[in-house]
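J.: Can you read through this structure? Questions will come right after.
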Amino acid sequence: MATKRLARQLGLIRRKSVAPTNGNVGRSKSKQLFDYLIVIDFESTCWNDGKRHQSQEIIEFPAVLLSTSTGEIESEFHTYVQPQEHPILSEFCMELTGIKQAQVDEGVPLRICLSQFCKWIQKIQQQKKIIFATGISDLSNSEVKLCAFVTWSDWDLGVCLEYECKRKQLLKPVFLNSWIDLRVTYKIFYRRKPKGLSGALQEVGIEFLGREHSGLDDSRNTALLAWKMIRDGCLMKITRSLNKFWGNTPPF
């Protein structure tokens, strides 16, 4: 298969649509472009004044590896991150996320967290023989197992991590520059606007498991939703890429 054609199928090169347009809900599970999905849902510092004058920092960094063929979560990464710019969590933040001050105090700076995350990525790449579709060279081998990141909205990777790395002059792994926004994918596939992650799960008959606004629980539940969508026939495609090679692709 020509690399350009495969890149277009993966969603890295698009014409008009940026997410699956298949609205045939209820059909059998479709053949997926990606063998694995890694779901990420950060928790960050926040305040209840509604203002964004204080830069948000990641305080919980979770990731779960989902097999698109079985629906099983085969591996997880999780760590609490020590905020550097505003090290003291607000009462609002602790109440919302359930994260305690002691947990972030005992966490690691984002630089160390990213290093640990990359080691986890390398481990699962070796174990599962997966790659990320970040360039033409990645697409040339038809025998590899492809993997993509999934988030609920563009905020986690497109805003939160992107700007925190820029402020702190941290090198962000290039494989985190492309992802599937499950919220916009859900909206297009089911042809309805989801009322948050919990509401989306409820609409497809899945009960939210765990605590809302726990990064790890949110990641696991997002994986459950992705698997349900796959079973309903949704073809997962990249919806957003910050890689200069592919160009900056807007959500619509």
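The values are calculated or read from the model by the stated rules, or taken from the named source; none is laboratory data. Note that the coordinates shown come from a computational prediction; the quantities given were computed from them, not determined experimentally. Glycine also receives a Cβ, built like all others from the backbone with ideal geometry; neighbour counts cover every protein chain displayed. Keep in mind that these areas ignore ligands, DNA and RNA; they rest on the heavy atoms of the full protein, side chains included. Shrake-Rupley method; radii C 1.70, N 1.55, O 1.52, S 1.80 Å.
J.: Mind listing the long-range amide H neighbours of Leu242? Cut-off is under 5 Å, sequence gap 5 or more, other chains count too, H placed in the peptide plane at 1.01 Å from N.
T.: Residues meeting the criterion, in which the H sits 1.01 Å from N, are Ser178.
J.: Once both labels are modelled 7 Å past Cα along the beta-carbon direction, what's the Ser198-Lys31 spacing in nm?
T.: Placing both labels 7 Å beyond Cα along the Cβ direction yields 4.0 nm.
J.: Per residue of the range 65-78, in order, report the coupling 6.51 cos²θ - 1.76 cosθ + 1.60 (Karplus, θ = phi - 60°) as ³J(HN,Hα) in whole Hz, putting x for Gly and Pro.
T.: Running phi through 6.51 cos²θ - 1.76 cosθ + 1.60 with θ = phi - 60° gives 9, 10, 7, 7, 9, 10, x, 8, 8, 9, 6, 9, 10, 7 Hz.
J.: Can you work out the Karplus-derived ³J(HN,Hα) for every residue in the range 175-192? Use 6.51 cos²θ - 1.76 cosθ + 1.60 with θ = phi - 60°, whole Hz, and x for glycine or proline.
T.: With coefficients 6.51, -1.76 and 1.60, one gets 5, 8, 8, 9, 7, 9, 7, 5, 5, 6, 5, 4, 4, 6, 5, 8, 6, 7 Hz.
J.: What residues qualify as long-range amide H neighbours of Ser90, i.e. H under 5 Å apart, gap of 5 or more or another chain, H built at 1.01 Å from N?
T.: The list, which skips near neighbours in sequence, is Cys46.
J.: A further question on this structure: How large a share of the accessible area of the range 157-224, in percent, is made up of carbon and sulfur atoms when the probe is 1.4 Å and the other protein chains stay in place?
T.: Working: 1670 of 3280 Å².
That share works out to 51 percent.
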